[in-house]
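What follows is a set of notes on a single structure, which appears directly below.
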Amino acid sequence: QVHLVESGGGVVQAGGSLRLSCAAFGSIRSNNDMNWYRQAPGKQRELVASKSSRGNTNYADSVKERFTISRDNAKNTVYLQMNSLKPEDTGVYYCNFRDSYMNTWGQGTQVTVSS
């Protein structure tokens, strides 16, 4: 079983930056994906960025060039550096851990970008 602990959300003005962190605890298999999703009010949850333990990275088109996902495999931690934030980035951000056996979600952290 894997447990995720997220931190780093908050309120920021448009153009500002935030950094989210997510640490995974438990039975961590070496081959896994750690991902960030977000859900805006009234909208479906969407993938923001993903990074595999082997280094493969993907971003949603809406955050390319502004967000950077990184990992510290030794700490089983994934980060999301968010720059040039826009009001449309507002939502609850969820960390997700996925391997061959499980698909685990964090509790979510609120990000609010004011105009």
Search result, residues across region 42-71 that are among the polar types (S, T, N, Q) and under 19 Å from Asn83 (Cα atoms):
Ser50, Thr57, Asn58, Ser62, Thr68, Ser70
Could you check region 1-37 and list, in sequence order, the residues that are hydroxyl-bearing (Ser, Thr, Tyr) and within 20 Å of Ala49 (Cβ to Cβ)?
Ser7, Ser17, Ser21, Tyr37
Members of region 63-97 found to be under 13 Å from Ser50 (Cα atoms) and either among the β-branched types (Val, Ile, Thr) or modelled with pLDDT under 95 (or both), listed by number
Val63, Thr68, Ile69, Thr77, Val78
Selection count, region 28-44, where residues are open to solvent by 50 Å² or more (accessible area, probe 1.4 Å), under 14 Å from Thr90 (Cα atoms) and touching a residue at least 40 places away in the same chain (Cβ under 8 Å):
3
Hey, does region 56-70 have a residue that's aliphatic (A, V, I, L, M) and touching a Ser or Thr at 6+ places or on another chain (Cβ under 9 Å)?
yes
Mind listing whichever residues of region 1-27 are of a type in the set (Val, Ile, Thr) and open to solvent by 50 Å² or more (accessible area, probe 1.4 Å)?
Val5, Val11
When (1) assigned to a strand (DSSP E or B); (2) surrounded by fewer than 18 Cβ atoms within 10 Å (Cβ to Cβ); (3) in contact with a Lys or Arg (Cβ under 7 Å, 6 or more places away or on another chain) are applied to Leu47, the one that fails is (3)
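The values are calculated or read from the model by the stated rules, or taken from the named source; none is laboratory data. Being a predicted model, the structure only gives us computed values, none of them experimental. Every residue, glycine among them, receives a Cβ derived from its backbone with ideal geometry; neighbour counts consider all protein chains shown. Please note that ligands, DNA and RNA were not included when accessible areas were found on the heavy atoms of the full protein model with its side chains. Shrake-Rupley method; radii C 1.70, N 1.55, O 1.52, S 1.80 Å.
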